[in-house]
Amino acid sequence: MVAKAREPHWYLDGGVPDTLDGRFDMVAAVLAMVMLRIEAEPPGDMAAATLATDVTERFVDDMDAQVRQIGFGDIVVGKHVGRMMGMLGGRLGAYRTAIATGDLSEPLIRNLWRGNAPAAEASSYVSAQLQRFHASLQDVSLADLREGRLA
């Protein structure tokens, strides 16, 4: 998922800020699309529930490592990772609602560009690309998702 979020087109064509925050926000957007795909499985599907838990734990582990690499100490790492998880949860809810309407522009401006609207073309580009990505995930099995194969 991180590799997908770091694809240059998001930053070049989509105007996503190539900053620490921008990269986190793009990873969160891609992860949200994957989590929405997992949620599409029938309620009670244990394979889906396990995968959702595993993906979330990997995200936490990765964010923990990233925060430590930046130089934060043990005392504040948990707070930062907890805040990131809260941000992910909020984004997941916003993207879930927006994907149903077919326009992610509003939550993307709020979450990806942190309220500073980019050029309309950039917002439209990222919205369309994330929707295509979300749609393409519908054909990806849980086993492939578990192996990191997103398409």
* Does residue 16 qualify as being modelled with pLDDT under 95 and in contact with a helix residue (DSSP H, G or I) (Cβ under 8 Å, 6 or more places away or on another chain)? -> no
* **Which numbered condition residue 33 misses (of (1) open to solvent by 50 Å² or more (accessible area, probe 1.4 Å); (2) part of a helix (DSSP H, G or I))** => (1)
* Asked: Hey, does segment 1-13 have a residue that's without any contact (Cβ under 8 Å) to a residue 24 or more places away in the chain, within 13 Å of the chain's Cα centre (by Cα) and surrounded by fewer than 13 Cβ atoms within 10 Å (Cβ to Cβ)?
  -> yes
* To do: Using the structure shown, decide if residue 16 is under 15 Å from the mean Cα position of the chain (by Cα) and part of a loop (DSSP other than H, G, I, E, B).
  => yes
* Asked: Before we move on, is residue 54 over 22 Å from residue 148 (Cβ atoms) and in contact (Cβ under 8 Å) with a residue 24 or more places away in the chain?
  -> no
* To do: All but one of (1) in a helix (DSSP H, G or I); (2) of a type in the set (D, E, K, R); (3) under 17 Å from residue 96 (Cβ atoms) hold for residue 21, so report the exception by its number.
  => (3)
* Mind telling me which of the residues 18, 25, 74, 62 ends up being of a type in the set (Asp, Glu), in contact (Cβ under 8 Å) with a residue 12 or more places away in the chain and open to solvent by 20 Å² or more (accessible area, probe 1.4 Å)? => 62
* Structure fact -> Picking from 108, 142, 130, 112, the residue that is more than 16 Å from residue 16 (Cα to Cα) and of a type in the set (A, V, I, L, M) would be 142
* **Enumeration of residues in segment 128-151 that are of a type in the set (A, V, I, L, M) and loosely packed, with under 11 Cβ neighbours inside 10 Å** => 143, 151
* Asked: Which residue out of 95, 125 is among the aromatic types (Phe, Trp, Tyr), open to solvent by 50 Å² or more (accessible area, probe 1.4 Å) and on the phi < 0 side of the Ramachandran plot?
  -> 125
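The values are calculated or read from the model by the stated rules, or taken from the named source; none is laboratory data. Note that the coordinates shown come from a computational prediction; the quantities given were computed from them, not determined experimentally. A quick note on method: Cβ atoms are made from the backbone with ideal geometry, for glycine too, and the neighbour counts reach across all protein chains shown. Heavy atoms of the whole protein, side chains included, go into the accessibility calculation; ligands, DNA and RNA do not. Shrake-Rupley method; radii C 1.70, N 1.55, O 1.52, S 1.80 Å.
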